[in-house]
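Below: one structure, written as structure tokens.
Since every read-out is calculated from the coordinates, none of them should be taken as a lab result. In this text the structure is predicted, and so the values were computed from the model without any measurement. Cβ coordinates were reconstructed from backbone atoms using ideal geometry, including for glycine residues, and neighbour counts include every protein chain displayed.
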There are 2 protein chains.
Amino acid sequence: MIILRTVREMQALAQARRAEGKRLALVPTMGALHEGHLALARTGRRIADHVTVSIFVNPTQFGPGEDYGRYPRTLKTDVEALRAEGLADVIFAPPVEELYPNSGDGENLTWVTVDSLGDTLCGAYRPGHFRGVTTVVSRLFNACRPDVAIFGLKDAQQFLIIRRMAEDMCTGIEIVGVETQREPDGLAMSSRNAYLSPEERAQAVVLYQAVTAAKRLIEAGEQRSQAIVETMRKTIGGAPLARLQYAEVVDEKTLQPVERLVSGQVVLVAVAVFFGTTRLIDNAFVRTP
Amino acid sequence: MIILRTVREMQALAQARRAEGKRLALVPTMGALHEGHLALARTGRRIADHVTVSIFVNPTQFGPGEDYGRYPRTLKTDVEALRAEGLADVIFAPPVEELYPNSGDGENLTWVTVDSLGDTLCGAYRPGHFRGVTTVVSRLFNACRPDVAIFGLKDAQQFLIIRRMAEDMCTGIEIVGVETQREPDGLAMSSRNAYLSPEERAQAVVLYQAVTAAKRLIEAGEQRSQAIVETMRKTIGGAPLARLQYAEVVDEKTLQPVERLVSGQVVLVAVAVFFGTTRLIDNAFVRTP
């Protein structure tokens, strides 16, 4: 396992491996690796011949009041976790100026955007967030030249936007989603869980409970979006420290809110909740019976 | 020389050539090839081992009132021109749905934009034009995977925006500019010259004359942008059929208007002129003495 810091080295290595006929996987992460990330890398091991895990805390996907500064940076333990299980051939951990090469001129000028899919859910509350994500992922694709890229379905909206971007941009890169990994009580694994106090941590399970309740309702035949949202709101309301940002039912293709579910339609039920300044999300894809 | 129509075939071929250690050049064109395009392909032959010429009339870079529909499409003679001189190994001529694969869903959602550099000159008069250019060029880069891409300096603003985009996006692709090719009287070669009536064609030389006059003025020590612009305006005014859109002096890095030139500064002097509904441009980079 080697650690690369520059785009040039990364491109040269990818080119050499491709020339050997190897199938290359990329697992983009912001580090602070947990079991969720390791599940992505294990998927990479299974479906490709060569796995690159990128570790880069991307400044352009954080809003002004968000946690860019305090986002956990734990490269040493990240490297150890990947090495212990032999999960990566390459760790690509570039400094900011490698992926934003002209930022010395001032602000970043070049952006990759996906219209409309980023307008709802998290996108409505984090303006510019998905633009930052698609921009950095495009650059990681250019730097790492994978055949397949692997993302967690916990960030469902991000997954759908990136898949659309990869298709639209003719990257030829297959986008694979991996099921959300969960703590024993059901809390979705997230690097931001580390911010939670013990009390907050205990109550954070309501996100999973809300999503699960919504899923059961739909599977039991409920088609009124309002009733499903009401159930999620009530479940989140059961946690005194939780402050709901949104609870929504959207179409999995357009990500636009659905009023009445149609038989056979796949929807995404999704919640975002603050505990103090820590923002957590959870969601599930559900097929309407 | 082979003609490819799909992104998948193009990527497979590029991958095979790269694996052989070949240096790949891409010459993106909209077809209707003239000597200017052939000069780009000849440059490709000189600096690379393998030349792909793409021919694609890109819908997203044309505005609503512009000439997308009537833009000349002459694939057969284009192919012959390239074949006659052995200038291309591959002609990549995809249908629209290959580069806009989800347009069946409605409009295109995914865009590559370069802020600020597209706000002046042509960008000010053709909203969305450069967004269309950077979007399609990114897709052509992903489809053709070149080491070097070659563009005409006649479209100077386009060249500077694409170079910035290629750098910012970590493409690793070298962007090469080739001097404007001209008719014997100085008119810059352009596929749109074919739209001109004989009278318009005779008068169209004023663009070159205006740019040349501006260049001489600067080289003679003129530093007041207003005086330089005035000279260009007057020269264009000498052609009764010409309608000036803009005459400007901008900094070559920021593309922002310059009021007073500074010794050593490189500026771009640029004009856009209508003859009837035909829009022509010309320009020159000039170093202030």
| message | To make sure I understand, if each residue's beta carbon is the centre and we count other beta carbons within 10 Å, what order do B:H50, B:H34, A:H37 fall in, fewest to most? | response | B:H34, B:H50, A:H37
| remark: Within segment B:128-156, the residues whose backbone N lies under 14 Å from a label point placed 7 Å from the Cα of B:I47 along the Cα-to-Cβ direction are B:146-154
| note | Sorted shortest first, the nm distances from the A:R73 label point (7 Å along Cα→Cβ) to its counterparts in the other copies are 5.2
| About the Cα centre of segment B:161-217, what is the dipole size in debye to 20, counting +1 per Lys and Arg Cβ and -1 per Asp and Glu Cβ, all else neutral? | 160 debye
| query | When Cβ neighbours within 10 Å are restricted to other protein chains, what is their mean count per residue of peptide B:163-169? | reply | 5
| Degrees, to the nearest 10: A:7-19 long Cα axis against longest axis of chain A | 90 degrees
| message | Suppose we keep just the alpha-carbon trace of segment B:159-242; what are its Rg and Dmax in angstrom? | response | 16.6, 47
| said: Under 20 Å between alpha carbons, and skipping anything fewer than 8 positions from A:K154 in its own chain: which lysines qualify? | reply: A:K215, A:K253
| Any number yet on Rg/Rh for segment A:191-287, C-alpha, Kirkwood? | 1.00
| request: Filter the trypsin sites (Lys or Arg not before Pro) in segment B:10-94 down to the DSSP loop ones having no more than 12 other Cβ atoms within 10 Å, then list what survives. | output: B:R70, B:R73
| remark: Inter-part gap, Cα centre of segment B:205-247 to Cα centre of segment A:1-73, in whole angstrom, is 52 Å
| Helix A:206-219 vs. chain A, principal-axis angle (Cα, 0 to 90°, nearest 10) | 70 degrees
| message | Can you divide the C-alpha Rg of segment A:59-145 by 2.2 N^0.38 Å and report the result to two decimal places? | response | 1.26
| said: Counting just the Cα atoms, what span does the protein assembly as shown cover along each of its three principal axes? Round to the nearest Å and put the largest first. | reply: 79, 50, 47
| query | Using alpha carbons only, how many degrees (0 to 90, rounded to 10) separate the axis of helix A:35-47 from the longest principal axis of chain A? | reply | 60 degrees
| query | Using the count of nearby Cβ atoms within 10 Å as a rough guide to exposure, how do A:M10, B:M232 rank from fewest to most? | reply | A:M10, B:M232
| task | Would you mind listing the distances between the B:Q226 label point and the same position in each other copy? Use 7 Å along Cα-to-C-beta, nm, one decimal, shortest first. | result | 6.5
| request: Taking the Cα centre of chain B as origin, sum charge times position over the Cβ atoms of Lys and Arg (+1) and Asp and Glu (-1), and report the length of that vector in debye to the nearest 20. | output: 300 debye
| task | For segment A:14-113, go through all pairs of different Cα atoms, get the mean of 1/r, take its inverse, and jot down that Kirkwood value in Å. | result | 15.1 Å
| said: Could you work out the relative contact order of chain B? I mean the mean sequence separation of Cα pairs under 8 Å and 6+ apart, divided by the number of residues, in percent. | reply: 17 percent
| Residue exposure sequence - B:T77, A:T43 - by fewest surrounding Cβ within 10 Å | B:T77, A:T43
| message | Just to be sure I follow the definition: excluding the sites themselves, where is the longest run in chain B that has none of the GluC sites (Glu not before Pro) in a DSSP loop with at most 10 other Cβ atoms within 10 Å? | response | B:108-258
| Label spacing, shortest first and in nm, from A:S197 to its equivalents in the remaining copies (7 angstrom along Cα→Cβ) | 8.1
| note | Taking 0.36 nm per residue of separation between B:D115 and B:V262 and subtracting their Cα-Cα distance, the length gained on full extension comes to 50.4 nm
| said: How far, in whole Å, is the closest Cβ of chain B from the axis that maps B onto A, and which residue does it belong to? | reply: B:A19, 2
| query | If you build the Cα gyration tensor of chain B and take the root of 5 times each eigenvalue, what three semi-axes come out, in whole angstrom, biggest first? | reply | 33, 21, 19
| query | Peptide A:110-119: average number of partner chain Cβ atoms within 10 Å per residue? | reply | 5
| request: For the protein assembly as shown, give the magnitude of the charge dipole about the Cα centre (Cβ charges: +1 Lys/Arg, -1 Asp/Glu; no others), in debye to the nearest 20. | output: 460 debye
